[in-house]
Amino acid sequence: MKLVPYLRRSSKSQQDNSSADNQWAEIQRYCSVYGHELICEPFDEVKSAADNSERKQFDAAIEYMEDNEADGLIIYDIDRFSRSVIDGLTTFKRYFSVGSYTLVSVNQRIDTSTDDGWFMLTIFLATAELERRRIARRTQDGKAYLKSQGFVTEGDAGFIYDIEEKVVDGKVRRVAVRNIDRVYIHNYIVIQRNAGATYESIADELNRAGHKAKRGGRFTRTQVQRIYKGAE
């Protein structure tokens with residue numbers, strides 16, 4: 001078969017790691033063994049598989065497949081295609097239905113040109129979504145536990161907090177510590193806003209009084225709004 005290769009990495013933090021290289025190497029090895037022809041360089045996406053919206057490289061790969069007499073699309077793993085049963089099957093029905101193009105997954109040895117291949121696709125899509133849900137649940141449970149112990153679990157803390165590193169049980173933890181000056185600023189913003197002041201006027205007053213935003217700069221309307229709504 002003539003196949004179009006599609007790679008996906010889940011976040012921008014993975015752009016420089018070996019994920020894409022590994023996927024591409026496995027796809028090339030698979031095609032060599034089974035006699036498939038790769039008709040172009042891989043389309044490389046950096047986006048979560050749980051979100052099928054605006055997958056520009058995927059759309060480009062599909063367009064190339066349709067315009068160049070390819071037989072189908074090849075991926076390394078089903079979770080590179082989708083981690084959602086509904087979205088995955090909807091996408092499959094749109095582009096890879098019976099008598100149309102074939103979807104090939106290297107890791108699961110799936111070829112949807114056969115009935116068994118279609119059946120295995122549905123199973124592995126469900127498996128991929130289950131794993132995504134379990135990871136999300138474990139992550140949230142871990143964050144909730146650390147937060148209950150006073151530890152910061154996000155990349156940054158709220159506006160009224162500073163970050164200090166403390167050794168707890170032999171491990172360095174990032175702990176949120178209240179900053180008294182910023183507590184005052186936060187309370188001032190809430191009081192002024194509740195009294196009808198605009199975000200712009202509050203920012204002007206804070207800057208005029210010489211207060212600094214969390215990263216040392218001047219206050220802006222957007223920053224004041226985020227602080228008031230608890231987004232910082």
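Among the residues making up region 138-195, those that are among the basic types (Lys, Arg), modelled with pLDDT of 75 or more and within 22 Å of Ala213 (Cα to Cα) are Arg178, Arg182, Arg193. Scanning region 79-88 for residues that are in contact (Cβ under 8 Å) with a residue 24 or more places away in the chain and part of a helix (DSSP H, G or I), we see that the one that is most open to solvent (accessible area, probe 1.4 Å) is Asp87.
For every residue, the table says whether it meets (1) touching a residue at least 40 places away in the same chain (Cβ under 8 Å); (2) under 25 Å from Asn22 (Cα atoms); (3) buried (at least 22 other Cβ atoms within 10 Å of the Cβ); (4) touching a strand residue (DSSP E or B) at 6+ places or on another chain (Cβ under 7 Å).
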| site | (1), (2), (3), (4) |
| --- | --- |
| Ala60 | no, yes, no, yes |
| Asp67 | no, no, no, no |
| Asp71 | yes, yes, no, yes |
| Ile74 | yes, yes, yes, yes |
| Thr90 | no, no, no, no |
| Leu103 | no, yes, yes, yes |
| Asn107 | yes, yes, no, no |
| Ala126 | yes, yes, no, no |
| Ile135 | no, yes, no, no |
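Scanning region 202-217 for residues that are touching a helix residue (DSSP H, G or I) at 6+ places or on another chain (Cβ under 8 Å) and at pLDDT 90 or above gives Ile202, Ala203, Glu205, Leu206, His211. The residues of region 109-124 that are of a type in the set (Val, Ile, Thr), open to solvent by 50 Å² or more (accessible area, probe 1.4 Å) and at pLDDT 90 or above amount to a single one, Ile123. Looking across region 177-213 at every residue that is over 10 Å from Phe159 (Cα atoms) and basic (Lys, Arg), the one that is least open to solvent (accessible area, probe 1.4 Å) is identified as Arg193. Annotation note: of Gly158, Gly216, the sole residue that is exposed (fewer than 12 other Cβ atoms within 10 Å of the Cβ), not polar (S, T, N, Q) and not in a strand (DSSP E or B) is Gly216.
The values are calculated or read from the model by the stated rules, or taken from the named source; none is laboratory data. What you are looking at is a predicted structure, and each value in this text was computed from that prediction instead of being measured. Reconstructed Cβ throughout: ideal geometry from the backbone, glycine too, with neighbour counts over all protein chains shown. Remember, those area values only see protein heavy atoms, side chains included, never the ligands or the DNA or RNA. Shrake-Rupley method; radii C 1.70, N 1.55, O 1.52, S 1.80 Å.
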